[in-house]
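Reading through the structure tokens given below for one structure.
Values quoted throughout were computed directly from the atomic coordinates according to the rules given, and no laboratory measurement underlies them. Treat the numbers as computed from the prediction; the structure is a model and nothing was measured. Positions of Cβ are backbone-derived with ideal geometry, glycine not excepted, and every protein chain shown enters the neighbour counts.
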Amino acid sequence: MENTNLKLNSNFRTQNLTINMGPQHPSTHGVLRVELISDGEIVRAAYPHLGYLHRCFEKHAENLDYLGVVPFCDRMDYVASMNQELGFCMAVEKLLQAEIPERAQVIRVIVLELNRIASHLLAFGTYGLDMGGFTPFLFAFRDREKVLRIFEEICGARLLYNYIRPGGVSRDLSEGIINKIKDFTAYFKPQLDELDSLLTHNSIFVNRTANVGIVPLDLAISYGFSGPNLRGSGLNWDLRKQAPYCGYEKYDFDVCIGQGERGVIGDCWNRYEVRVREMYESMKIINQAIEQLPEGEIKGGVGKTIKPQGEVYVTTECPRGELGFYLIADGSKKPYRLKINSPCFNAISCLDELCGGVMLADVVSIIGSLDIVLGEVDR
Amino acid sequence: MTNESGIPKRTFVIDKPAMVPSFRKKPNPLTEEQALDVVKKHNPELGSKIIIEKQEIGDSAFIVQDGEMLLDAIKLFRDDPEISCNQLRVVAGIDYPKVVDDEGVASGDFIQVAYVMFSLTHKHQFTVKVNLNREKPVVDSVTSLFRVANFQERECYDMFGIVFQGHPNFKRILLPSDWTGYPLKKDYQPPEQYNGMKVPL
């Protein structure tokens with residue numbers, strides 16, 4: 001008790017403490033280890049250590065035929081697998097100069113946007129969980145499960161689909177599944193309003209996220225941000241609008257950009273809010289796609305043996321950003337080189353820059369708002 | 001690399017970031033030949049060292065024949081208002097070991113680094129490549145121009161052993177720091193043991 005009169009003098013020495021956050025920390029969304037150099041409650045530096053989930057995707061791809069690579073793509077970003085398959089299939093189709101049947105294109109758009117909703121619901125729910133709100137997480141997972149049930153009926157798997165193939169899709173959508181998708185969109189619209197009202201303008205949530213982790217636009221471009229992270233920084237850039245693929249130019253939807261309604265443009269809140277509004281846009285696209293679903297073939301343009309030649313870089317707009325496939329094919333059965341440009345990998349490289357000088361608790365809110373999936377970072 | 005207070009020193013020096021795209025201007029996509037003409041107009045010496053590698057299908061590429069001029073080339077591609085590639089999408093290594101075909105003609109024997117650059121302003125994409133010595137691949141780092149290159153180049157070193165000079169934090173990223181060999185080289189043989197553990201194949 002005699003120490004209570006202790007006065008701080010100029011000789012008082014403090015020391016930086018190194019804290020290892022992860023690789024098993026629930027807020028790192030997987031196996032990410034962040035080495036935090038902390039000065040009391042303030043973070044001085046944050047070094048991400050990657051590679052805990054490295055499964056040698058690029059090396060495997062060089063030893064597999066083209067159809068064999070598709071299931072490996074699923075396992076990169078395991079919460080948005082449909083989107084991951086599409087990029088690889090499009091790269092192969094571009095080299096083969098294949099014409100994809102109209103029905104296959106529309107089915108692709110339906111499953112892609114359903115998958116985007118499922119992925120954003122996971123991002124929404126876990127971000128709420130990181131910020132201390134348990135209820136949105138339960139609601140989000142309840143609704144996500146409904147999407148996964150639909151996928152289970154379409155292709156037999158909840159998470160790792162192997163559904164989109166070079167040349168089309170593997171199975172047709174039956175009338176029953178289309179009705180279920182219609183029921184889901186009708187059901188989900190009011191649910192989404194409710195989810196939105198639970199978290200978006202909650203004052204605790206806003207205090208934790210607004211004005212935290214600001215990425216100015218020039219920094220975002222320099223760090224190669226894409227997808228909701230880039231749009232959260234205020235750039236009107238969506239590949240579905242700017243470089244349409246799969247017939248996205250036929251659908252009427254808006255690009256969601258960070259508006260700075262709370263906080264400033266480019267902070268965690270704006271990145272989060274872009275994702276919430278994108279779910280509404282995805283539902284718009286699904287409804288339009290179901291209405292204009294034509295009859296016809298679901299596969300075509302690609303023969304049984306796939307032997308492309310040439311090199312191509314194809315990007316698609318995935319829920320986490322622009323996933324790029326740099327495919328170099330030498331005319332044999334296997335890819336010569338396949339390089340994946342992962343949006344999460346680029347986003348996580350910004351962590352050190354964002355975390356210098358913030359409070360310790362804000363690190364969680366910054367990692368959550370970048371919405372990384374470690375399966376895609378490490379590949 | 002630490003100062004007296006124990007905080008690791010930040011050695012991150014960056015040029016002025018690339019231009020933020022303006023959508024008021026109408027996009028003016030260039031072909032490879034037009035872009036090369038622009039390069040020749042601004043830097044004739046550099047322009048004479050760049051050739052276009054045409055692909056029948058897919059994306060064509062520029063090959064910078066002198067590795068020391070790579071940084072200049074990337075900088076010009078980034079800053080020139082007509083090309084204005086403000087986004088570096090990917091840094092990819094590609095290994096071409098020496099191959100002798102049936103007629104005894106040797107080809108390959110180099111490592112290639114491909115920089116895929118994209119212009120948010122003009123919506124065109126260019127691939128700039130440089131061929132390096134396969135035994136000692138060394139090239140200048142572009143981290144001073146694009147921060148995304150920081151992790152991308154580390155991954156490239158991790159997988160191919162390409163040394164990027166001037167990189168602020170140059171070490172392995174995905175593999176453990178004491179791993180031997182560079183796995184994405186075509187002649188890579190995985191070690192039988194790693195720290196006393198059998199490596200499964």
Within chain A, which whole H helices from DSSP have a Cα span along their axis of at least 27 Å and a mean Kyte-Doolittle hydropathy of 0.0 or more, if any?
A:102-130, A:134-155
Taking a point 7 angstrom from the Cα of A:R158 along the C-beta vector, which residues in segment A:180-202 have backbone N less than 16 Å away?
none
FRET efficiency estimate (nearest 0.05) - Cβ-Cβ, A:L360 to B:K198, R0 30 angstrom:
0.15
What net charge do the residues around B:K49 carry, taking every other residue with its C-beta under 11 Å from that of B:K49, with Lys and Arg at +1 and Asp and Glu at -1?
-3
Taking every other residue with Cβ under 12 Å from the Cβ of B:C85 and scoring Lys and Arg +1, Asp and Glu -1, one gets +1
Please report A:T200, A:T209 as a ranked list, fewest other C-beta atoms within 10 angstrom at the top and most at the bottom.
A:T200, A:T209
Quick query: amide H of B:E53 versus all other amide H atoms, modeled in the peptide plane; which residues come in under 5 Å with a sequence gap of 5 or more or a different chain?
B:A61, B:F62, B:I63
Residue separation times 0.36 nm, minus the C-alpha to C-alpha distance between A:Y78 and A:N20: what's the value?
18.3 nm
Just to confirm the filter: which trypsin sites (Lys or Arg not before Pro) across segment B:135-201 are DSSP coil and have at most 15 other Cβ within 10 angstrom of their Cβ?
B:K171, B:K186
How would you order A:341-349, A:75-83 from highest to lowest mean count of nearby Cβ atoms within 10 Å?
A:341-349, A:75-83
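Please list, by residue number, every one of the GluC sites (Glu not before Pro) in segment A:25-92 that is coil in DSSP and has at most 13 other beta-carbon atoms within 10 Å. Walk me through the intermediate numbers first.
Details: sites: A:E35, A:E41, A:E58, A:E62, A:E85; in loops: A:E41, A:E62.
Answer by residue number: A:E41.
Could you work out the mean count of beta carbons from other protein chains within 10 Å of each residue's beta carbon in B:89-97?
Counting Cβ atoms of other protein chains within 10 Å of each residue's Cβ and averaging gives 5.
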Top mean-square fluctuation among A:Y163, A:Y47, A:Y187, Gaussian network model of chain A, C-alpha springs under 10 Å?
A:Y187
Interchain or sequence-distant (5+) residues whose placed amide H lies within less than 5 Å of the amide H of B:R89 are B:V116, B:M117, B:F118
Lysines with Cα under 21 Å of B:K123, excluding same-chain neighbours fewer than 8 positions away:
A:K94, A:K241, A:K250, B:K25, B:K26, B:K54, B:K75
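If the convex hull of the alpha-carbon atoms of segment A:54-378 is projected onto planes in all directions, what is the mean projected area in square nanometres?
Values: hull surface 61.4 nm².
Computed as one quarter of the Cα hull surface, the answer is 15.3 nm².
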With θ taken as phi - 60° and the coefficients 6.51, -1.76 and 1.60, list the Karplus ³J(HN,Hα) couplings across segment A:345-355 in order, rounded to whole Hz; mark glycine and proline as x.
4, 5, 5, 6, 5, 7, 4, 4, 5, 6, 8
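Using a Förster distance of 25 Å, how high is the FRET efficiency between A:Y47 and A:V264, based on the Cβ-Cβ distance and rounded to 0.05? Display every interim value, and only then the final one.
Values: r = 26 Å, r/R0 = 1.05.
With R0 = 25 Å, the Cβ-Cβ based efficiency is 0.40.
Please identify every one of the GluC sites (Glu not before Pro) in segment A:237-300 that sits in a loop by DSSP and has no more than 10 other beta carbons within 10 Å of its own beta carbon. It would help to have the intermediate numbers written out before the result.
Values: sites: A:E249, A:E261, A:E273, A:E278, A:E281, A:E291, A:E295, A:E297; in loops: A:E261, A:E295, A:E297.
Here the GluC sites (Glu not before Pro) that fit, given the DSSP loop and packing criteria, are A:E295.
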Roughly how many nanometres apart are two label points built 7 Å out from the Cα toward the Cβ at B:F170 and A:D172?
5.9
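So for segment A:54-378, averaging the separation of alpha carbon pairs under 8 Å that are six or more residues apart and normalising by length, what relative contact order in percent results? Numbers along the way, then the final one.
Values: 593 pairs, mean separation 88.4, N = 325.
Relative contact order for segment A:54-378 comes out at 27 percent.
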Can you give the FRET efficiency for A:T305 and A:D218, using 1/(1 + (r/R0)^6), R0 = 41 Å, r = Cβ-Cβ distance, to the nearest 0.05?
0.30
For segment B:169-177, in order, what is each residue's ³J(HN,Hα) by Karplus, 6.51 cos²θ - 1.76 cosθ + 1.60 with θ = phi - 60°, in whole Hz (x at glycine and Pro)?
8, 8, 7, 5, 10, 8, 8, x, 5
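Averaging over all projection directions, find the projected area of the Cα convex hull of segment A:1-118 and quote it in nm² with one decimal place. Provide the component values of the computation, followed by the final result.
Working: hull surface 52.4 nm².
Result: a mean projected hull area of 13.1 nm².
To the nearest 500 deg cm²/dmol, what mean residue ellipticity at 222 nm is calculated for the protein assembly as shown from DSSP H runs of n ≥ 4 alone, each contributing -39,500 (n - 2.57), summed and divided by the residues?
Mean residue ellipticity, 222 nm, calculated: -11500 deg cm²/dmol.
Run through every distinct alpha carbon pair of segment A:156-254 and return the Kirkwood hydrodynamic radius in angstroms, one decimal place.
So the Kirkwood estimate lands at 17.8 Å.
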Fewest-first ranking of A:D378, B:D79, B:D66, using other Cβ atoms within 10 Å as the exposure measure
B:D66, B:D79, A:D378
How big is the protein assembly as shown by Rg and Dmax over its Cα atoms, in Å?
24.3, 91
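Determine, for B:R78, A:R149, the number of other Cβ atoms within 10 Å of each Cβ, and report the residues in order from fewest to most. Mind showing how you got there, number by number?
Working: B:R78 22, A:R149 13.
Least crowded to most crowded, the residues run A:R149, B:R78.
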What is the distance in Å between the Cα centroid of segment A:304-379 and that of segment A:45-78?
10
In Å, what Rg and Dmax follow from the Cα atoms of segment B:32-198?
17.4, 59
Give me the distance between the Cα centres of segment A:104-157 and segment A:281-303, rounded to whole Å.
20
Under the Karplus curve 6.51 cos²θ - 1.76 cosθ + 1.60, θ = phi - 60°, whole-Hz ³J(HN,Hα) for segment A:310-326, x wherever Gly or Pro sits
x, 9, 8, 10, 10, 10, 10, 8, 8, x, 9, x, 7, 8, x, 10, 9
What residues qualify as long-range amide H neighbours of B:F110, i.e. H under 5 Å apart, gap of 5 or more or another chain, H built at 1.01 Å from N?
B:Y96
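Around A:G357, under 10 Å between beta carbons, what's the net of Lys plus Arg minus Asp minus Glu among the other residues? Working shown, then result.
Working: positive: A:R44; negative: A:D39, A:D362.
That sum, taken over residues with Cβ under 10 Å, equals -1.
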What number does segment A:297-379 give for Rg over Rh if you use C-alpha atoms and the Kirkwood radius?
1.17
